[in-house]
Amino acid sequence: MNLTRCSRVKLHRMNFEVPKLEVLNLSHTRVDDELLHVISKSCRGLMQLLVENCLDVTEKGVKQVVENCTQLREINLRYCHQVQSDVHASLILSWPSLRKIITPHYDYFSDREMELLSRQRCIVC
């Protein structure tokens, strides 16, 4: 489902489940942690979440999605500047299903972290 730049969409009151939704693009919207919590509970089958340039997203919301959407393979956090850089490595290393993460900042990972990431076959952009 592509809701890019749809500022009028109100998902906070979503009271139904969408277990078969695999891709959700909310880039350039006013997504926040509260909405990510709702999504994580209603769309547990998500495999790809794009929240590029969603300025109100923090690591709290990202962690909820990663914990509840157990099939999540890819997450795009580009320009989500409230997500701290130390969260990226811990997310990837603690969640083996993630295969691709686009980070908000240009980050440097230690050699050990890069080795672990390559073992998990995870691409960091």
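FYI, it's all coordinate maths here, none of it is from the lab. What you see is a predicted model; the values in this text were computed from it and never measured. Cβ atoms come from the backbone with ideal geometry, glycine included; neighbour counts cover every protein chain shown.
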Mind checking which aspartates and glutamates have their Cα closer than 19 Å to the Cα of Lys20? Skip sequence neighbours fewer than 8 apart in that chain. Glu67, Glu74
How large is Rg over Rh for region 23-124, taking Rg from the Cα atoms and Rh as the Kirkwood inverse mean of 1/r across Cα pairs? 0.94
Pair Thr58, Lys41: separation of 7 Å Cα→Cβ label points (nm): 1.9 nm
Sites Arg30 and Lys100, calculated FRET efficiency, Cβ-Cβ separation with R0 25 Å, nearest 0.05: 0.55
